[in-house]
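Here the structure is laid out as C-alpha cells; the discussion comes afterwards.
The values are calculated or read from the model by the stated rules, or taken from the named source; none is laboratory data. Since the model is a prediction, treat every value here as computed from it, not as a measurement. When we count neighbours, we look across all protein chains shown, and the Cβ atoms used for this are built from the backbone with ideal geometry, even at glycine.
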Amino acid sequence: MFELERHAIGQVFRLPCPTLRESLLLAAIYAAQAILCTALLTVGYTWEKAPGMGWAIISAILVLQPGITASLAASVARICANVVGAIVALLIDRWFGAGTVQLLAAILIIIFLCELLRLDMGLRAGCVSAVIIMTFHESRVAMTSLDRSVAVIIGSILAVVVQIAGARLKHLLFPHSGSHMLPTGSQ
C-alpha cells in the first residue's frame, strides 16, 4: 500500500545535488535576479501608480528558473494559462455570476483547457487566476482580471529579460568559463 507514493518521495531525495559552492552560487544568482525584478517592478508600478504590482512581482519570482530556456517556458506557460483562467472566469462571471458552484465549474474548465493546450506547467496559475478574479473584488471582476493579467505578463517578461541580461553579463565577465559550475540547463 502507498508504494507509488513512497517511490515518488524517494526519488526526490535521490535527485542529483549540486555541491555547496554550486548551490550557493545558484542561490546568489536567484537572489540577485529576484531582488532586481522586485526593485524594478516596485519602482515602475509606484511611478505609474498602476494596480497589480504584487501580481507582477509574484509572477517574476515564479518565472525565474536556473536556466533561460526553463524561464522562457515557465513564462509563456504562466502567461497563457493566466489568460485562459482570466477568460474562463470572466465568461462564467458574466453569464452565471461568481458563486462557489461557478468557481468550481471555472476550475474544471480551466484544467481541461490547459491540458488540451499543453499548458500543464501553468495549470496552477490558470486556476489561481480564476480564484482571484472570482473571489477578490467581486464588484469589479473585469478590472481585477485585466490588472492581474497585465501584471502577470509584465512580471514574467521582466524575469526573462533579467535572466537574459544576466547570462550576457556572465559571458562578458567570464568569456572562457564553461557551465561546469552550474547544473545542466543553467546557462
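Structural remarks
- Residue 79 passes every criterion in (1) under 19 Å from residue 27 (Cα atoms); (2) assigned to a helix (DSSP H, G or I) apart from (1).
- Residue check: residue 50 meets all listed conditions (1) modelled with pLDDT of 75 or more; (2) assigned to a helix (DSSP H, G or I); (3) surrounded by fewer than 16 Cβ atoms within 10 Å (Cβ to Cβ); (4) among the aliphatic types (A, V, I, L, M) but one, namely (2).
- Taking each residue of the range 165-187 that is surrounded by 11 or more Cβ atoms within 10 Å (Cβ to Cβ) and modelled with pLDDT of 70 or more and looking for partners that are in a helix (DSSP H, G or I) and not charged (D, E, K, R) with beta-carbon atoms closer than 6 Å, six or more apart or interchain, yields 167/68.
- Residue 92 within 23 Å of residue 56 (Cα to Cα), at pLDDT 85 or above and not hydroxyl-bearing (Ser, Thr, Tyr): no
- A residue that is of a type in the set (Phe, Trp, Tyr) and closer than 17 Å to residue 147 by Cα occurs somewhere in the range 52-64.
- Close contacts from the range 110-121, counting a first residue that is closer than 19 Å to residue 73 by Cβ and a second that is of a type in the set (A, V, I, L, M) and not in a helix (DSSP H, G or I), with Cβ to Cβ under 9 Å and a gap of 6+ residues or different chains, come to 113/119.
- Taken together, the residues in the range 18-52 that are polar (S, T, N, Q) and in contact with a Leu (Cβ under 8 Å, 6 or more places away or on another chain) amount to 1.
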